[in-house]
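Below is one structure, written out as structure tokens, with a few remarks after it.
The values are calculated or read from the model by the stated rules, or taken from the named source; none is laboratory data. Note that the structure is a prediction, hence the values are computed from the model and not measured. Glycine gets a Cβ as well: all are built from the backbone with ideal geometry, and neighbour counts include every protein chain shown. Calculation scope for accessible area: heavy atoms of the full protein, side chains included, ligands and nucleic acids excluded. Shrake-Rupley method; radii C 1.70, N 1.55, O 1.52, S 1.80 Å.
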Amino acid sequence: MSGRERLVIATRASPLALWQARYVRDLLRGRAPGLEIALREITTTGDRSDRPLAEVGGKGVFLKELEHALLRGDADLAVHSLKDMPAALPRGLVLAAVCERADPRDAFISNRSASLADLPPDAVLGTGSLRRQSQLRARFPRLRVAGLRGNVGSRLAKLDAGDCDAMVLAAAGLKRLGLEARIREIIRPAICLPAAGQGAIGVECRDGDHRVLNWAAALNHADTAVCVAAERAVTAGLGGDCRLPLAAFAELHDGGGDGEITLRARVISADGARLLHSEKRGPRDEAAAIGQAAAEDLLANGAAALIAAAKTGDA
């Protein structure tokens, strides 16, 4: 039996999740060439269901089985798309590291049109995200925005089969899978503000497992972690649910220890008729407070009613 130190990474079995798990594995190997690392592939409830995410428990259904593997001791750490992680994690688990962020924006894909603006009236635009659906309905009311489920490959197959005229996906996922050529337009955040944590990879492990926490700490990208902390504080302040019609995106200016954060956050009604916006700026060491202030700003302007309507399915 090998005497080498060993880590087990829990991951979903989708191509993008496996890319992210291998990316984390390779980062760890680069820091500790003698470390033995195995991937534990898990097919989650979210992967097995074609129902809308809101009906099966939101994006958290992509995490639960991985988190159970951590709590049982079947894995040492789990790798997630950070935008899928709720603000509050199960007791006994922590967000141990946030890897350097890739492109956080959304991408427009179509076989017929070069951009969102070029889509003809009544064109069908597919996306599985309530956040995207709401913002795109607000900006392009002439389009028919439709729900869409599945991994990146299956969604693109639906586009190629003619199930929709275009779709919107995260730019980071397409680039990580070598599908950047499918992107026709990168969508400006002013049009479709990204989700909290979009483009970043989160590493989750057991609280108090100092051996694994020490390994994970080496993966943490401080600038990304600061921005994500502000974004996730908005989510926490509005109920902690990553399936809300909520967008939050922070950018760091004048990098280094004295940098400042600009945070933009939105809550949008499902039909796009009402869009609430907050923008805050402050020192990087107050990231969580900046996010909380944005959440309070949105709540003061009626966000609670929009969130309640989204949860009950009312427009």
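The calculated Kirkwood hydrodynamic radius for the chain is 20.0 Å, given to one decimal from all distinct C-alpha pairs. For the range 76-223, the carbon plus sulfur part of the accessible surface works out to 48%, probe radius 1.4 Å.
Helices in the chain that qualify as membrane-span-like (whole DSSP H runs, Cα extent of at least 15 Å along the helix axis, mean Kyte-Doolittle hydropathy of -0.5 or higher) are 15-31, 222-237, 287-300.
The calculated FRET efficiency for Glu251 paired with Arg112, based on their beta-carbon distance and R0 = 25 Å, is about 0.15.
A simple charge model with +1 on the Cβ of Lys and Arg, -1 on the Cβ of Asp and Glu and nothing else charged puts the dipole of the chain at about 640 debye relative to its Cα centre. Looking at the chain alone, DSSP beta bridges between its own residues are antiparallel in about 70 percent of cases. Under 18 Å from a point placed 7 Å out from the Cα of Glu260 along the Cα-to-Cβ direction: which residues of the range 272-303 have their backbone N that close? Taking a point 7 Å out along Cα→Cβ of Glu260, the residues of the range 272-303 whose backbone N falls under 18 Å are 278-294. Under the combined filter of DSSP loop state and at most 13 neighbouring Cβ atoms within 10 Å, the range 100-136 retains these trypsin sites (Lys or Arg not before Pro): Arg112. The aspartates and glutamates within cross-link reach of Lys175, meaning a Cα-to-Cα straight distance under 16 Å and a gap of 8 or more places when in the same chain, are Glu100, Asp103, Asp106, Glu185. Here the gap between Glu100 and Ala273, fully extended at 0.36 nm per residue and compared with their Cα-Cα distance, gives a gain of 58.8 nm. Computed about its Cα centre, the charge dipole of the range 160-315 is approximately 180 debye, with only Lys, Arg, Asp and Glu carrying charge at their Cβ.
Counting only lysines at least 8 places from Lys83 when in the same chain, those with an alpha carbon closer than 16 Å to its own are Lys59, Lys64. Between Arg211 and Arg22, the contour length at 0.36 nm per residue exceeds the alpha carbon distance by 66.0 nm. Considering only Ala233, Ala146, Ala248, the mean-square fluctuation computed in a Gaussian network model of the chain, springs between alpha carbons under 10 angstrom, is largest for Ala146. Return the single residue from Ala21, Ala200, Ala305 with maximal mean-square fluctuation; model: Gaussian network over the chain, springs between Cα atoms under 10 Å. Result: Ala305 has the largest fluctuation of those listed.
A crude spin-label estimate for the pair Asp163 and Arg91, with each label 7 Å from Cα along the Cβ direction, gives 4.0 nm.
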